[in-house]
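Q: Please see the structure below; I have some questions.
The values are calculated or read from the model by the stated rules, or taken from the named source; none is laboratory data. Keep in mind that what you see is a predicted model, and the values were worked out from it rather than measured. As a convention, Cβ positions derive from the backbone with ideal geometry for all residues, glycine included, and neighbour counts pool all protein chains shown. Areas reflect the complete protein model, heavy atoms only, side chains present, ligands, DNA and RNA absent. Shrake-Rupley method; radii C 1.70, N 1.55, O 1.52, S 1.80 Å.
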Amino acid sequence: MQWSMKVDMALPVPVRVILRGVGQVFFCGNAVTGLIFLIALYVGGVTAGLAATVGVVTSTITAYLLGFSDDDIDAGLYGFNGTLVGPCLFLFLENTPQLWIYVVLASILSSVVLAALIRILTPYKIPASTSPFVLTCWMFMVAVYSFDSFSRGPVLPSPEIPAAIASADLPATTWLSSMTAETTEMWYVALTKGVAEVMFADNVLVGILFLIGIAITSWRGAFMALCGTFVGVLVPVLLGANQNLIEMGLYAFNPVLTMMAIGWVFLKPSTGTAFLALIAGILTVICQAGLANFLAPIGLPTLTFPFVLVMWMFLFAAGMSKHWSN
């Protein structure tokens with residue numbers, strides 16, 4: 001929307017860059033969208049909002065001080081990994097005063113890792129995307145076992161092979177055959193939380209605000225996000241995944257990012273790329289399930305790595321195709 005870009009350009013440069021960094025979590029280099037995302041995070045929880053703010057500011061300042069590309073910094077590309085690092089560490093590790101130092105250090109590293117990956121991947125026209133966030137958080141989560149001042153939180157998986165999860169009272173497959181008010185509410189909650197969980201927010205309102213923010217930047221982007229969260233609910237239901245995980249949106253946030261990346265951002269938008277994005281979104285669900293089991297013995301969450309892995313494979317493959325290459 002033109003009005004949002006006018007507001008974006010009217011903001012002071014430091015504010016604009018910081019807010020664009022928040023917006024880039026969903027590929028939206030727009031300060032207005034970033035502001036809505038940040039407000040949504042504070043609505044979901046003050047700690048999460050503060051952690052995201054500290055993360056985006058730290059990672060952006062780091063990029064300035066280290067002399068990385070001014071164009072990339074101005075676009076907010078050095079801010080979104082830091083935005084994710086803060087809420088992630090506060091979700092998975094025990095909340096202590098020292099954790100703020102951990103967030104700052106992790107945010108600094110995320111910018112360094114991003115710069116390194118940009119140099120490696122640019123010749124192949126492949127984006128680093130959220131891989132710096134994933135690699136940084138994995139390292140910091142594993143590192144807590146060596147430091148007495150930090151400890152894992154109750155949400156972080158235990159480093160062991162998980163036992164079978166007991167099925168919920170309502171089998172997930174009944175969502176397709178039952179149209180009761182309760183089932184309709186389950187779909188609504190799961191779809192909206194699927195978008196919210198991209199930034200670790202277990203909140204319906206946050207998901208709605210995220211969609212509004214994306215739509216301000218691009219209607220196609222918002223449509224792809226909606227399709228992604230729908231895929232992230234429907235496919236696990238069809239495959240018989242655990243209902244609680246589906247309702248929490250934990251199968252949906254990776255397909256949201258995958259479908260936005262393939263169907264809107266990195267390939268020329270068309271009906272063909274929308275179909276390709278759909279296939280990529282479906283495969284992201286499978287990839288997430290596989291990676292979750294693969295990482296369980298070492299006690300690490302998948303984060304957005306299923307999205308990153310599938311996106312990389314599809315973009316590499318697209319470069320070899322006469323139909324999809326630009």
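Q: Please determine whether any residue of segment 242-252 is farther than 18 Å from residue 217 by Cα and among the aromatic types (Phe, Trp, Tyr). Lay out the reasoning, then the answer.
A: From segment 242-252, those farther than 18 Å from residue 217 by Cα are 242-252; that's our starting set.
Those left that are additionally among the aromatic types (Phe, Trp, Tyr): 251.
Yes, because at least one residue in segment 242-252 is farther than 18 Å from residue 217 by Cα and among the aromatic types (Phe, Trp, Tyr).
Q: For segment 218-263, what are the residues that are more than 17 Å from the chain's Cα centre (by Cα) and under 18 Å from residue 4 (Cβ atoms)? Give the derivation first.
A: Pass one, segment 218-263, residues more than 17 Å from the chain's Cα centre (by Cα): 218-220, 234-244, 247.
Selection gives 218, 219, 220.
Q: Which condition number in (1) modelled with pLDDT of 95 or more; (2) open to solvent by less than 20 Å² (accessible area, probe 1.4 Å); (3) out of contact with any Ser or Thr (no Cβ under 8 Å at 6 or more places or on another chain) is the one that residue 255 fails?
A: Failed condition: (3).
Q: Which condition does residue 317 not pass, out of (1) at pLDDT below 95; (2) under 16 Å from the mean Cα position of the chain (by Cα), if it passes all the others?
A: Only one criterion in (1) at pLDDT below 95; (2) under 16 Å from the mean Cα position of the chain (by Cα) is unmet by residue 317, namely (2).
Q: Any residue at all in segment 24-32 that's over 20 Å from residue 99 (Cα atoms), out of contact with any strand residue (DSSP E or B) (no Cβ under 7 Å at 6 or more places or on another chain) and free of Cβ contacts under 8 Å to residues at least 40 places away in the same chain? Break it down into steps so the answer makes sense when it comes.
A: Residues of segment 24-32 over 20 Å from residue 99 (Cα atoms): 24-32.
When the remaining residues are screened for being out of contact with any strand residue (DSSP E or B) (no Cβ under 7 Å at 6 or more places or on another chain), the result is 24-32.
Narrowing further to those that are free of Cβ contacts under 8 Å to residues at least 40 places away in the same chain: 31.
Looking for residues that are over 20 Å from residue 99 (Cα atoms), out of contact with any strand residue (DSSP E or B) (no Cβ under 7 Å at 6 or more places or on another chain) and free of Cβ contacts under 8 Å to residues at least 40 places away in the same chain, one finds at least one in segment 24-32, hence yes.
Q: Working only within segment 277-309, note down all residues that are closer than 16 Å to residue 229 by Cα and either surrounded by 21 or more Cβ atoms within 10 Å (Cβ to Cβ) or in contact with a Gly (Cβ under 8 Å, 6 or more places away or on another chain) (or both). Don't jump to the end; show me each part of the working.
A: Step one: list which residues in segment 277-309 are closer than 16 Å to residue 229 by Cα, which gives 277-289, 303-304, 306-307.
Across segment 277-309, the qualifying residues are 277, 278, 280, 281, 284, 285, 287, 288, 303, 304, 306, 307.
Q: When you check residue 267 against the structure, is it touching a residue at least 12 places away in the same chain (Cβ under 8 Å) and in contact with a Ser or Thr (Cβ under 7 Å, 6 or more places away or on another chain), yes or no? Give the steps one after another, and end with the answer.
A: On the way: touching a residue at least 12 places away in the same chain (Cβ under 8 Å): yes; in contact with a Ser or Thr (Cβ under 7 Å, 6 or more places away or on another chain): yes.
So residue 267 passes the test.
Q: Here is a follow-up. From the list 202, 169, 148, exactly one residue is open to solvent by 40 Å² or more (accessible area, probe 1.4 Å), more than 18 Å from residue 227 (Cα to Cα) and modelled with pLDDT of 90 or more. Which is it? Reasoning before the result, please.
A: Values: 169 fails: modelled with pLDDT of 90 or more; 148 fails: modelled with pLDDT of 90 or more.
Testing whether each residue is open to solvent by 40 Å² or more (accessible area, probe 1.4 Å), more than 18 Å from residue 227 (Cα to Cα) and modelled with pLDDT of 90 or more leaves just 202.
Q: A follow-up question, please. For segment 177-199, does any single residue satisfy the condition of being at pLDDT 90 or above, in a loop (DSSP other than H, G, I, E, B) and under 19 Å from residue 46 (Cβ atoms)?
A: Taking every residue of segment 177-199 in turn, none turns out to be at pLDDT 90 or above, in a loop (DSSP other than H, G, I, E, B) and under 19 Å from residue 46 (Cβ atoms).
Q: Since residue 237 meets every condition but one in (1) farther than 20 Å from residue 27 by Cα; (2) open to solvent by less than 20 Å² (accessible area, probe 1.4 Å); (3) at pLDDT 95 or above, which condition does it not meet?
A: Unmet for residue 237, out of (1) farther than 20 Å from residue 27 by Cα; (2) open to solvent by less than 20 Å² (accessible area, probe 1.4 Å); (3) at pLDDT 95 or above: (3).
Q: Can you report the number of residues in segment 20-55 which are over 20 Å from residue 195 (Cα atoms) and surrounded by 22 or more Cβ atoms within 10 Å (Cβ to Cβ)?
A: Number of matching residues: 1.
Q: Can you tell me which residues in segment 114-134 are free of Cβ contacts under 8 Å to residues at least 24 places away in the same chain and crowded, with 20+ Cβ neighbours inside 10 Å? If you could, list the steps in order and put the result at the bottom.
A: First, pick out the residues of segment 114-134 that are free of Cβ contacts under 8 Å to residues at least 24 places away in the same chain: 116-117, 119-123, 128.
Passing the criteria: only 128.
Q: Could you tell me which numbered condition residue 216 fails, if it satisfies all but one of (1) within 20 Å of residue 130 (Cα to Cα); (2) assigned to a helix (DSSP H, G or I)?
A: (1)
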